[in-house]
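First up is the structure itself, then whatever we jot down about it.
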Amino acid sequence: MQTALDEQARSFDAVVASPSFWLGVDCTADAVTGVRFLAAPAPTRAASGAVAALAAEATRQLAAWLADPAARFDLPLAAGGTDFQRRVWAAIAAIPCGETQSYGTVAAALGSAPRAVGGACGANPLPVIVPCHRVIATNGALGGFARSGGDFLLGVKRWLLQHERRA
């Protein structure tokens, strides 16, 4: 999961407001390449053509999800990552809205270890679209989500989980 706490001056192809944070979206002409949680709004780049069209569609779909957490994403994605990370991201994308799984459960399904799954969740470049917030510790704690962003990201994860419970 990527953050932009230390990159507030950075620009994005789109910025989407939620009730308690913003989402910075990066695109190419072919795919959404990144989503970052922002503590404050950030500037947008002057995109044109296919990049502008995809950024507008990503904005529309993220806004739809913010209005209704049962909304589904249908965006071309380019997440990169290692083979293992892509396997983890596919597994977490399969967790239904409003539900959670533990790092251990995801790890067992992949024949891996919970820390490795946590590392892949932390490297997820497309949070919300690939819902790493749905992975929690076995004891119900929110896990390592907040390590890279402190209280801000912990609050974001709480908000995301509460939002999805409405679905």
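The values are calculated or read from the model by the stated rules, or taken from the named source; none is laboratory data. Model, not experiment: these values are computed from the prediction. Cβ atoms come from the backbone with ideal geometry, glycine included; neighbour counts cover every protein chain shown. The protein model used for the area step is the full one, side chains on, heavy atoms only, and it has no ligands, DNA or RNA in it. Shrake-Rupley method; radii C 1.70, N 1.55, O 1.52, S 1.80 Å.
Here is how the numbers come out for the structure above:
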| item | result |
| --- | --- |
| Residue satisfying condition, being under 26 Å from V15 (Cβ atoms), part of a helix (DSSP H, G or I), aromatic (F, W, Y) and open to solvent by 30 Å² or more (accessible area, probe 1.4 Å), within set F84, F152 | F152 |
| Matching residues, region 21-35, being under 20 Å from H163 (Cβ atoms) and open to solvent by 40 Å² or more (accessible area, probe 1.4 Å) | W22 |
| Filtered residue count, region 41-74, keeping only those that are surrounded by 16 or more Cβ atoms within 10 Å (Cβ to Cβ) and over 20 Å from F21 (Cα atoms) | 4 |
| Residue, least open to solvent (accessible area, probe 1.4 Å), within region 87-107, restricted to residues that are closer than 25 Å to S18 by Cβ and not in a helix (DSSP H, G or I) | I95 |
| Residue list for region 31-72, restricted to those being outside any strand (DSSP E or B) and under 20 Å from W89 (Cα atoms) | A31, A58, Q61, L62, W65, P69, A70, A71, R72 |
